[in-house]
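Down below is the structure, laid out as structure tokens.
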Amino acid sequence: MAAKDEKRSRHSTALRPASVEATERPLWVFAYGSLMWNPGFAVHETQPARLHGFHRAFCIYSEHYRGTPEKPGLILGLLAGGSCRGLAHRLPAKEYDATRRYLWRREIENDGVYVEETRPIRLADGRIVPSVVYLADRAHRQFAGKLPLALALRLVRQGKGATGTNIEYVRNTLAHLRELGLRDEGLEELARQAGSQASRSLRSARNIPSS
């Protein structure tokens, strides 16, 4: 219980925007993984966006959404350096507080190895706006860092949690990056090899020879 209270204390600033003046609130949330295709709230405006100073990486063990404590998966986080292109969803004005609480539960309380911060992002229309972002918490026990490809593949292949398989997560992320016209060679290689290994395993289980 003490550890949970400490975690809440460390992230307590994330709850403050729900009680301050509307002009001080970040009106956007930056999506770089599953929030791109499954925000979980009614979105009325979405724009391509770029976050400077951080990059997308498979660096977090998933023990809830895409894995279990016994068989963890591997999900995305934001690490310092470079920049990251993704989507920005505008937070609904009427349901702002409820949406912020939802995001807190989703990203921090469940599988959340994240720190919630407000950072400037550049929208496709050229505006620079403050946005809620979820950075990888390097101090958390589920922080994996950048793993060798072979280990990442094993985690992705075995991962299955509350919202589906880890392979689905990888493929969905890749599909939405392609919709934005973006390339991520590391992600593409991970998806290719994970898919190839899954196909070989399926053929083997069915005693189907490879072509």
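When you check GLU116 against the structure, is it acidic (Asp, Glu) and surrounded by fewer than 18 Cβ atoms within 10 Å (Cβ to Cβ), yes or no? Criteria not met by GLU116.
Note on the stretch 67-90: residues that are farther than 16 Å from HIS176 by Cα and surrounded by fewer than 21 Cβ atoms within 10 Å (Cβ to Cβ) total 10.
Does GLU168 fit the bill of being under 26 Å from ALA80 (Cβ atoms) and of a type outside the set (A, V, I, L, M, F, W, C)?
Judged against the criteria, GLU168 is not a match.
Scanning the stretch 119-150 for residues that are of a type in the set (A, V, I, L, M), closer than 21 Å to ARG25 by Cβ and surrounded by fewer than 20 Cβ atoms within 10 Å (Cβ to Cβ) yields a total of 4. Could you tell me which residue of the stretch 47-66 is surrounded by the fewest Cβ atoms within 10 Å (Cβ to Cβ), considering only residues that are aliphatic (A, V, I, L, M) and under 11 Å from the mean Cα position of the chain (by Cα)? Here the answer is ALA57.
Every number here is computed from the coordinates shown, using simple stated rules; none is lab data. Being a predicted model, the structure only gives us computed values, none of them experimental. Backbone-built Cβ (ideal geometry, glycine too); neighbour counts: all protein chains shown.
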